[in-house]
Amino acid sequence: MTRSLQPRPFSHITALLLAACASFAPAAYAAKPLLTFKVDDTVTARVERADGAHITVRFLPSGKTQTLDVTVTDEEGHYHLASDDYNFDGHRDLAVYAMLGMVNESYGIYLYDAARQQFEPLQMPANDMPHGNCDDLVNVVAKPKERTLYSSCRGGPIWYTDAYRFDTSGRMYLYQSSEAITDDLRGLLDGDNGPASILLTYDARGKRVSRRPQAYGGGTVTFKVHAARLPLHDTMTDAPTRRYVVAGDTLELIDASDDFQWLKVRYRNPHAGAVQGWVSAKEAMAD
């Protein structure tokens, strides 16, 4: 006996169509990754947006996932992602950055921990260690040949640069930073391009190991003697001295007292060669 085909209810057909569409939805509407990069030869990181305050990292081929905070955004909540080897250990790391103001891009960096196969926040130096002028990581540039991470920021008309390195345990420390020279010496020491400063260098334990003047953008700091005779002392003292330089002589600044009341200078005498000594800043600024 031939069986007649009965039409199926519309609701049943609709359900089948919806189920078919659902089976294709993940492929058709899969979220586009914000960033994909190779952490090393064996691991690839795929970064996706989780929500407005978080991102999800999927590690391939393992499939392990990790959720990270978006630590910096601009005024509208926007941010960018980048990858680089910020601590020079052979693994690419992850950075979240956003523009704050007109010229400063603030960074939040996550370092890759190969043993745990996950990213960890890069910690700034502890409170009892030296800190740079920028206080945080801004306009970051990693220079692998120097194994140095640079952070530069603008405060008013002056650009500051902080240089960071990593000790044997992977802890970041301030390697170099600049100290501003007092305003009353600006007219004497500043060059045409900008203000001079004192470059401070530290070791991994936070001990200052050197202190030397630098011109704006790098280079030596020089100035001309204005006084008819400027006494050249062996030490920071007002004791009488037989040495002096005269108006028109060019002096190179090689150090300064902490209060900038005394300047250590080098004078290249055409007859006696290079000589060094200390001059009073007050006397050097006198006309």
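The values are calculated or read from the model by the stated rules, or taken from the named source; none is laboratory data. All figures in this text were calculated on a predicted structure; none of them were measured in a lab. Neighbour counts are summed over all protein chains in view; Cβ atoms, including those assigned to glycine, are modelled from backbone coordinates with ideal geometry.
A few points about this structure:
- Selection count where residues are part of a loop (DSSP other than H, G, I, E, B) and at pLDDT 95 or above, scope region 90-110: 3
- The residues of region 154-181 that are aliphatic (A, V, I, L, M) and touching a residue at least 60 places away in the same chain (Cβ under 8 Å), listed by number, are MET172, ILE181.
- Within region 125-153, residues that are under 22 Å from GLY90 (Cα atoms) reach partners that are surrounded by fewer than 15 Cβ atoms within 10 Å (Cβ to Cβ) with beta carbons closer than 6 Å, at six or more positions or on different chains, in the pairs TYR150/VAL141.
- Filter result for ARG242 (assigned to a loop (DSSP other than H, G, I, E, B) and at pLDDT 95 or above): no
- Number of the condition not met by CYS153 [criteria: (1) over 20 Å from ALA204 (Cβ atoms); (2) outside any strand (DSSP E or B); (3) not aromatic (Phe, Trp, Tyr)]: (2)
- Residue list for region 174-212, restricted to those being of a type in the set (S, T, N, Q) and part of a loop (DSSP other than H, G, I, E, B): THR182, ASN193
- Per this entry, GLY219 is counted among residues that are touching a Gly at 6+ places or on another chain (Cβ under 9 Å) and under 27 Å from ARG165 (Cα atoms).
- Residues of region 40-71 satisfying the condition of being of a type in the set (Asp, Glu) and either more than 22 Å from TYR107 (Cα to Cα) or at pLDDT 95 or above (or both): ASP40, ASP41, GLU48, ASP69
- In region 194-206, residue modelled with the lowest pLDDT [restricted to those that are within 19 Å of LEU251 (Cα to Cα) and not small (Gly, Ala, Ser)]: PRO195
- When region 213-239 is filtered for residues that are in contact with a Leu (Cβ under 6 Å, 6 or more places away or on another chain) and either free of Cβ contacts under 8 Å to residues at least 40 places away in the same chain or in a loop (DSSP other than H, G, I, E, B) (or both), the ones remaining, listed by number, are GLN214, VAL221.
- Count of region 125-150 residues, restricted to those that are of a type in the set (A, V, I, L, M), crowded, with 18+ Cβ neighbours inside 10 Å and assigned to a loop (DSSP other than H, G, I, E, B), is 2.
- Residues of region 89-126 that turn out to be closer than 22 Å to ARG154 by Cβ and of a type in the set (Ser, Thr, Tyr), as a count: 3
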